[in-house]
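Have a look at the structure below, then the notes.
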Amino acid sequence: VQLQASGGGLVQAGGSLRLSCAASGRAFSTYTMGWFRQAPGKEREFVAAIRGSDGSTYHADSVKGRFTISGDYGKNTVYLQMNSLKPEDTAVYYCAARKTSSGTYAYWGQGTLVTVSS
């Protein structure tokens, strides 16, 4: 599975961005796709995930109500809509994929930088 993330940029606090992650090489429906982020000096953390087989979604408490993960099966693409952005959302965002039957994300995209100014 190859993953290509895009959509990062600079935005003011309160603004919105949509990240995209295009997946190639395997059927989207058999994988769970996730978004993670890593802020400077901090460990990487889970943001959201979507299960390809049924569209079930999961969001970290820190982004619930502000971020929404979604998927386009036809395009093998996962999106992360980010609204009401805060300076603490500043990070490099990574998309990742795992076989739904596996607990480990084995495939990672290159990351896209999101910077939220106050």
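Those strands (runs of 3 or more DSSP E) of segment 42-86 in which 2 or more residues are touching a residue at least 40 places away in the same chain (Cβ under 8 Å) and polar (S, T, N, Q) occupy 77-82. Within segment 1-32, the residues that satisfy the criterion of being among the aliphatic types (A, V, I, L, M) and over 14 Å from residue 106 (Cα atoms) are 5, 10, 11, 13, 17, 19, 22, 27. Please work out which residue is modelled with the highest pLDDT, limiting yourself to segment 33-69 and to residues that are small (Gly, Ala, Ser), more than 20 Å from residue 107 (Cβ to Cβ) and loosely packed, with under 12 Cβ neighbours inside 10 Å. Among those residues, the one meeting the criterion is 65. Among the residues of segment 1-32, the ones that are surrounded by 12 or more Cβ atoms within 10 Å (Cβ to Cβ), farther than 16 Å from residue 92 by Cα and at pLDDT 95 or above come to 2 in all. The residues of segment 87-105 that are in contact (Cβ under 8 Å) with a residue 40 or more places away in the chain and among the small types (Gly, Ala, Ser), listed by number, are 91, 96, 97. Of everything in segment 70-107, what is aliphatic (A, V, I, L, M), under 13 Å from the mean Cα position of the chain (by Cα) and open to solvent by less than 30 Å² (accessible area, probe 1.4 Å)? Give them in sequence order. 78, 80, 82, 91, 96, 97 - these are the residues of segment 70-107 that are aliphatic (A, V, I, L, M), under 13 Å from the mean Cα position of the chain (by Cα) and open to solvent by less than 30 Å² (accessible area, probe 1.4 Å).
The values are calculated or read from the model by the stated rules, or taken from the named source; none is laboratory data. None of the values given here were measured: they were computed from a predicted structure. Quick reminder, even Gly has a Cβ in these numbers, built from the backbone with ideal geometry, and neighbours come from all protein chains shown. SASA here: full protein model, heavy atoms, side chains in, ligands and nucleic acids out. Shrake-Rupley method; radii C 1.70, N 1.55, O 1.52, S 1.80 Å.
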